[in-house]
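The values are calculated or read from the model by the stated rules, or taken from the named source; none is laboratory data. No experiment lies behind these values; they were computed from the predicted model shown. Positions of Cβ are generated from backbone atoms using ideal geometry, with glycine treated the same way; all protein chains shown enter the neighbour counts.
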Amino acid sequence: MPGLSEKEKAGCAEILQSMEVTDLLALKDTVTSRMVEVENVQEAIQAILSYSSNAEELLKRKKVHRDLIFMYLARQGCVVPPSSEKHQLISRTLQHWASHRVVIQEAEGSVQHESRQFTNSNSNQEISHSIDYQSLGEQFCQWFYKLLNSQNPLLGQPAQEWGPQHFWDDAKLKFCYTIAEQKLEEYAGAELVSLRLKALVKDEQLFLHPNLERTGMKCVSSPHGLVVVAVAGTIHRNSVCLGIFEQVFGLIRAPHGNNNWKVKFVNLNIRGQDVIEEGRTSRMLPVLTLNNQELQRFYS
């Protein structure tokens with residue numbers, strides 16, 4: 001019996017951890033043919049991993065619902081259409097585990113350093129046209145949404161260090177949302193901006209799923225050091241897609257430290273599923289509607 005690789009064991013364990021206890025125990029009985037007794041959840045997970053022939057077989061089990069796999073991929077930063085069927089999610093998960101390229105990582109690159117600020121991966125590189133701004137924007141979005149989404153209690157994972165330290169003191173937030181009617185909220189100051197964004201995922205239990213493909217994200221830079229990152233994505237509560245969003249960030253490098261980038265402004269526009277135009281549904285990954293010329297208007 002080939003068993004699971006270490007990466008597959010870690011991923012499957014995370015998925016199993018998010019299951020209802022009754023489903024988990026029923027799955028343990030199925031996998032072990034009721035031959036193994038356990039005393040707690042961790043022993044049940046270990047038994048399931050030990051007696052599963054391979055990861056694909058385990059993911060195909062009826063008790064491993066598609067929503068569990070979808071939310072796992074979302075936490076890993078793997079972009080998939082919310083309407084994907086279970087077999088498609090399994091294929092994407094296996095591909096993710098087989099790949100040596102980790103989409104969201106903290107061990108290497110730009111996501112983390114001692115002060116847990118976002119940095120450019122080349123700490124000695126000066127702001128210039130030689131910087132790959134599209135790559136910088138992708139790295140920032142991976143870092144930002146993983147950090148923000150970790151505040152959602154429904155995900156069942158430890159909340160990472162979120163706070164005003166990631167924003168400039170005079171940071172501004174414009175938050176526009178359209179459900180039945182359009183409403184606009186505006187906040188000024190690092191503390192208020194960080195608290196309002198945190199409330200979206202912690203209190204309202206939303207999950208922001210960005211489209212980091214070329215169609216869903218753009219990044220431009222001004223000659224004066226402002227980097228504008230725009231990204232489109234879907235909004236979820238649990239596995240239910242509530243609508244789509246477009247978010248624009250203004251980033252400026254801090255004057256001291258290893259190329260720390262902090263957020264100068266955030267514009268967030270959310271549209272509920274009931275107001276999305278016909279033909280554009282949760283079955284498609286949202287496409288960013290802003291072009292480079294529109295993004296350059298944020299320079300002023």
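A quick yes/no check of all residues on (1) touching a helix residue (DSSP H, G or I) at 6+ places or on another chain (Cβ under 8 Å); (2) within 12 Å of Val64 (Cα to Cα):
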site	(1), (2)
Ser5	yes, no
Cys12	yes, yes
Ile15	yes, yes
Ser18	yes, yes
Ala26	no, yes
Thr32	yes, no
Glu39	no, no
Gln42	no, no
Gln46	no, no
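Scanning region 208-223 finds one or more residues that are of a type in the set (A, V, I, L, M, F, W, C), farther than 27 Å from Arg75 by Cβ and buried (at least 19 other Cβ atoms within 10 Å of the Cβ). Is there a residue in region 200-211 that is under 21 Å from the mean Cα position of the chain (by Cα) and within 17 Å of Leu251 (Cβ to Cβ)? Yes, that holds for at least one residue. Of everything in region 58-115 that is assigned to a helix (DSSP H, G or I), of a type in the set (A, V, I, L, M, F, W, C) and under 18 Å from the mean Cα position of the chain (by Cα), the residue that is modelled with the lowest pLDDT is Ala74. Highlighted here are the strands (runs of 3 or more DSSP E) found entirely within region 145-228 that include at least 1 residues which are without any contact (Cβ under 8 Å) to a residue 12 or more places away in the chain: 182-188. Within region 1-44, the set of residues being free of Cβ contacts under 8 Å to residues at least 12 places away in the same chain and part of a loop (DSSP other than H, G, I, E, B) comprises Glu20, Ser33, Arg34, Met35, Glu37, Glu39, Asn40. Among all positions in region 169-186, there is no residue which is modelled with pLDDT of 90 or more, within 20 Å of Gln142 (Cβ to Cβ) and out of contact with any Lys or Arg (no Cβ under 7 Å at 6 or more places or on another chain). A count restricted to region 186-213 and to residues that are closer than 25 Å to Met71 by Cβ and either of a type in the set (D, E, K, R) or in the same structural domain as Tyr72 (by TED's automatic domain parsing) (or both) stands at 6.
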